[in-house]
Amino acid sequence: MSTAVATIERAPRSVLVDMSTRYGMEPAAFEATIRATVCKGSVSREEFAAFLLVAKEYRLNPLTKEIYAFPAKGGGIQPIVSIDGWSRIINDHPMFDGMEFVDQREGDALVAVTCRMYRKDRTRPIEATEYMSECKRNTDVWKQWPARMLRHKAMIQAARYSFGFSGIIEPDEYDRQMTPQPVAARRLHADFEEQAPEPPRALDAPLEATDATFEDAPAEDEPEAETADAEDSFPGDLPLGLKRGSDLLKNDPREE
């Protein structure tokens, strides 16, 4: 007697059902809670599902605000991971083997912070250095905790190099994207003077002669004597390369 074994394929659950079940909530209540607490602006159903997929991939908890969903600059949403969330995914990585920080100072001033991150499958640490001059911003958090903020920047960058975390940014990066800081112009030389660009010339506009290119032609009503005096104002004979066309025509044997 043969026994038939029936294989029942279970339909995959939606990411909303999966995430809400993980935290013991009803899907509708879970979605309403997340939208009210960590989603900023209008988020479509598709964008909300994409946000939950990122949270599920990195095992980040939106309820404890390890990950947010804010509007992206070019449209859509941008998953933002708080410093607690970055610490979670770094420590949860199976290859993580510790990290250390090295401060670089000039006198009492903190210049840069280097984060060395170790992996269990690597013989050497992976380093990332962040510089205060490049990272510091004119915000309250940077004014109050510049050293802490710089350490966070170095740690996150080292984590990206070490484990390939992608698709997520930290809050300071998001602020920079949404409110870019003006870049001060650098002078190439001490005596360089910036000049305003010339307005574009119309295609049918006649070209204007400049003193550096053409000699001013004498007016039609000027006496020939004044022109002759101007031509004889150069003392002695000039080299051939410096003579004007009128001088060359005077000595052209074909004119004799």
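Observations, loosely collected:
- Ordering Tyr131, Tyr58 from the fewest to the most neighbouring beta carbons within 10 Å gives Tyr131, Tyr58.
- Under a model in which nothing but the beta-carbon of Lys, Arg (+1) and Asp, Glu (-1) is charged, the stretch 82-165 shows a dipole of about 140 debye around its Cα centre.
- The GluC sites (Glu not before Pro) of the stretch 121-155 include none that meets both conditions, a loop assignment by DSSP and at most 13 other Cβ atoms within 10 Å of the site Cβ.
- Whole-Å distance, taken between Cα centres, linking the stretch 56-123 and the stretch 25-46: 24
- When the trypsin sites (Lys or Arg not before Pro) in the stretch 64-159 are filtered for DSSP coil states and for at most 12 other beta-carbon atoms within 10 Å of their beta-carbon, the remaining sites are Lys73, Lys120, Arg122.
- Distance violations [Cα-Cα > 24 Å] among Lys40/Lys73; Lys73/Lys153; Lys56/Lys136: Lys56/Lys136
- Pairs of Cα atoms in the stretch 13-81 fall into 10 Å distance bins, from 0 up to the last occupied one, in shares of 22, 62, 16, 1 percent.
Rule-based calculations on the coordinates, nothing more; no lab input. Not measured: the values here are computed from a predicted model. Cβ: placed from backbone, ideal geometry, glycine included. Neighbour counts: every protein chain shown.
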